Every structure is written in C-alpha cells, then in structure tokens.
Amino acid sequence: MHLLKLERVEKIYTTGKVSVHALKGVDLAVEKGELIALVGPSGSGKTTLLNIAGCIDKPTSGNVIMEGILLNEKSPDELANLRRYYFGFIFQSFNLIPVLNIFENVEIALNLKYPKLRKREKEKKDSGHS
C-alpha cells in the first residue's frame with residue numbers, strides 16, 4: 001500500500017471567465033521511507049501539487065489517498081488534523097513569525113506538535129540535568 005497516492009489529479013483556478021489548468025491528470029505514488037524531489041520551471045504546478053498532497057488545497061478532480069484512505073471527502077477539520085499529525089511544512093516565505101529567528105520558529109511548531117517534549121525538557125532544565 002502506498003503512503004500517499006494521487007490519481008488523475010487536476011486543479012483549475014478560475015478568475016472571472018479565465019481558467020488556468022495548474023495540474024492536468026497528475027499521477028504520483030510515494031512509498032513509506034521514500035525520498036522524492038519535485039522539480040520544474042516556475043509556474044509548472046509544483047506548489048499546487050504540494051498543497052494538494054499536503055491537504056492544504058483540494059483538487060478540482062482526481063483522488064488523493066493516504067494509506068488507503070480517500071482524502072477528497074474529508075472535512076476541513078479532518079484535514080487540519082491530518083496536517084497537524086502527519087505533515088510537516090517549511091514554507092518559502094510569509095509563514096514565519098518575522099520577529100523570531102528560524103530556530104525559534106521551528107521551536108514553536110515543535111512545541112505545538114509535541115507538548116510533552118517541551119514539558120520534559122523544562123523538567124530536565126529545572127532539575128539541573130541537560
């Protein structure tokens with residue numbers, strides 16, 4: 001079973017009477033532990049594909065399947081939970097807290113995702129262990 005599978009995924013952005021086909025019939029299968037690279041020229045649909053694969057956006061048509069579960073029908077809350085527990089994002093811009101450095105931005109995300117880790121580190125610090 002694939003960790004993540006996209007079947008015939010299409011994404012069309014429409015503004016007024018103008019439609020832009022960002023993705024046309026994309027198929028992708030990612031196995032557990034597999035490392036992939038998504039490359040292509042600007043405007044080729046890389047970000048759109050990643051947004052759909054990461055449950056940030058939904059396809060216009062086609063299927064997104066994670067570990068055998070069809071994600072197309074999931075509610076926004078269910079997709080948010082998937083993003084919270086299964087996906088990690090490092091955005092190019094706009095999504096970092098500007099007054100914090102990169103390490104502090106990552107620390108905030110880790111603290112939100114793993115609150116027990118933060119508590120354990122605080123207990124170690126308070127007890128004098130490092």
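Residue separation times 0.36 nm, minus the C-alpha to C-alpha distance between V39 and N101: what's the value?
19.5 nm
Between N63, N111, N72, which gets the highest mean-square fluctuation from a Gaussian network model of the chain, Cα cutoff 10 Å?
Looking only at N63, N111, N72, the largest GNM fluctuation is found for N111.
Per residue of the range 44-56, what does 6.51 cos²θ - 1.76 cosθ + 1.60 with θ = phi - 60° give for ³J(HN,Hα)? Whole Hz please, x for Gly and Pro, Karplus curve as stated.
8, x, 4, 5, 4, 4, 5, 5, 6, 4, x, 6, 7
Just to confirm the filter: which GluC sites (Glu not before Pro) across the range 7-110 are DSSP coil and have at most 13 other Cβ within 10 angstrom of their Cβ?
E31, E34, E67, E73
In terms of modelled amide H atoms, which long-range or inter-chain residues lie less than 5 Å from the amide H of S44?
none
Can you compute 3J(HN,Hα) from phi for each residue in the range 9-16, using the Karplus curve 6.51 cos²θ - 1.76 cosθ + 1.60 with θ = phi - 60°, rounded to whole Hz and x for Gly and Pro?
After applying 6.51 cos²θ - 1.76 cosθ + 1.60, I find 6, 10, 9, 10, 9, 10, 10, x Hz.
What residue among K116, K24, K74 has the largest mean-square fluctuation in a Gaussian network model of the chain, using Cα springs under 10 Å?
Greatest mean-square fluctuation among the candidates belongs to K116.
Per-residue HN-Hα couplings for the range 101-109, Karplus 6.51 cos²θ - 1.76 cosθ + 1.60 at θ = phi - 60°, whole Hz, x for Gly and Pro?
My calculation for the range 101-109 gives 7, 4, 5, 5, 4, 5, 4, 4, 4 Hz in order.
What translational diffusion coefficient, in µm²/s and rounded to a whole number, does the Stokes-Einstein relation yield for the chain at 10 °C and a viscosity of 1.306 mPa s, taking the hydrodynamic radius as the Kirkwood radius over Cα pairs?
92 µm²/s
Report, by chain and number, residues whose modeled amide H sits under 5 Å from the one on T60, excluding near sequence neighbours (fewer than 5 apart, same chain).
Amide H to amide H, under 5 Å and 5 or more residues apart or across chains, T60 pairs with E10, K11, I12.
Computed from the coordinates by the stated procedures, all read-outs in this text should not be read as laboratory data. Just so it is clear, the model here is predicted, and its values are computed rather than measured. Every residue, glycine among them, receives a Cβ derived from its backbone with ideal geometry; neighbour counts consider all protein chains shown.
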